[in-house]
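Here the structure is laid out as structure tokens; the discussion comes afterwards.
Just so it is clear, none of the values below were taken in a lab; they were calculated from the coordinates. A quick note: this is a predicted structure, and the numbers were derived from the prediction, not measured. Using ideal geometry, Cβ is built from the backbone for each residue, glycine included, and neighbour counts are taken over all protein chains shown.
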Amino acid sequence: MDEILKKFFNLTTADQVKFLKAGRYKIDTGLNRSGQIDFIKRILKADLSSKTMASAIKNLRKLGCNDKYFYRKFMFHIDSSVSKAAKKAISECSISKDSDIIRFDRMLQEGKSEDRLILVDFFLKSGGRLNTDALISFLGVDDNKVREALVKGISPDHKLDDKKLAGVIKQGTIWYVRAALVTILGKRKSPNLFDIVDVLVVDRNIEVRLALVEALGQFDKEVSSEYLQCLAGDPFIWVRKQARKTLDRISS
């Protein structure tokens with residue numbers, strides 16, 4: 001199996017998808033159904049393109065794999081083709097036709113604004129450890145009130161994967177999600193913000209840079225002043241003003 005996996009990983013994305021669609025793993029590996037499921041799971045544990053991942057999840061579902069806990073890892077993937085494939089797989093699991101987390105996501109995506117806010121409040125109060133992927137997905141809901149409530153409600157006490165939040169920003173997700181995540185990392189005084197700060201100071205969106213100014217203002221001047229000084233020379237006057245104001249505040 002290892003040799004075939006190695007050959008698969010060396011294929012282009014287009015050829016990987018063709019390999020999966022044609023069910024070549026059934027022929028080339030000589031594995032039984034259980035082995036084929038393990039083969040595709042190993043593919044999904046690698047860092048591959050979204051097209052390959054979505055195709056692999058579809059094949060896993062067609063093999064009758066009912067491991068809904070494995071599928072949940074991809075439910076809130078940044079690429080909708082992957083998340084949709086995972087949600088469909090979970091919904092078809094014989095173990096459970098519809099999990100609570102899928103219902104929650106559907107209600108948040110499709111519900112009215114006031115109902116969404118109730119769901120957000122429930123999500124934030126559901127426990128100390130939050131589903132990081134779910135948070136990222138919820139921030140992408142086309143509702144400013146939902147994003148504002150999430151950003152306001154997240155605290156340093158919540159257990160989140162800050163490294164993953166920073167990674168999503170670096171990947172270049174839509175600007176309002178980037179801005180919200182920057183604010184959250186600032187509120188949490190997360191050192192992971194500085195993993196991507198060089199990218200953020202030149203972010204193409206003014207709202208993201210304003211969020212960065214606010215976030216940097218949560219840290220001691222020893223670690224943030226260098227970047228605030230850079231933002232104090234921003235092309236946009238409002239960013240410059242806020243950066244200088246923040247510099248004065250943390251220096252006094």
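Brief remarks follow.
- Note, ³J(HN,Hα) from phi for the stretch 45-59, Karplus 6.51, -1.76, 1.60, rounded to Hz, x at Gly and Pro: 7, 8, 8, 10, 5, 5, 4, 5, 5, 4, 5, 5, 5, 4, 5
- Using a Förster distance of 41 Å, the FRET efficiency for LYS62-ILE118 (Cβ separation, nearest 0.05): 0.65
- The residues packed around ALA243, meaning those with a beta-carbon under 12 Å from its beta-carbon, carry a net charge of +2 if Lys and Arg are +1 and Asp and Glu are -1.
- Computed label-point distance, nm, for sites GLN229 and ARG249 using a 7 Å Cα→Cβ extension: 2.1 nm
- Integer Hz, Karplus 6.51/-1.76/1.60 couplings in order for the stretch 24-39, x for Gly and Pro: 4, 4, 6, 8, 5, 8, x, 8, 7, 4, 4, x, 5, 4, 4, 4
- Pairs over the 18 Å Cα-Cα cut-off, from the set LYS51/LYS88; LYS41/LYS68; LYS125/LYS152; LYS45/LYS164; LYS58/LYS84; LYS26/LYS87: LYS26/LYS87.
- Projecting the Cα atoms of GLY35, THR13, SER113 onto the charge dipole of the chain, computed from C-beta unit charges around the Cα centre, puts GLY35 farthest toward the positive end.
- A cut-off under 12 angstrom between Cβ atoms defines the neighbours of ALA14, and their net charge, with Lys, Arg +1 and Asp, Glu -1, is +2.
- R0 of 45 Å, Cβ-Cβ distance LYS21-ARG240: FRET efficiency to nearest 0.05: 0.30
- Of the peptides 191-203, 225-237, the order by per-residue mean of other Cβ atoms within 10 Å, starting with the highest, comes out as 191-203, 225-237.
- Values of log10 I(q)/I(0), in the order q = 0.13, 0.16 Å⁻¹, for the chain under a Debye, Cα-only, solvent-free model: -0.89, -1.12
- With the cut-off at under 11 Å, measuring from each backbone N in the stretch 29-65 to a point 7 Å along the Cα-to-Cβ line of LYS7 picks out 29-30.
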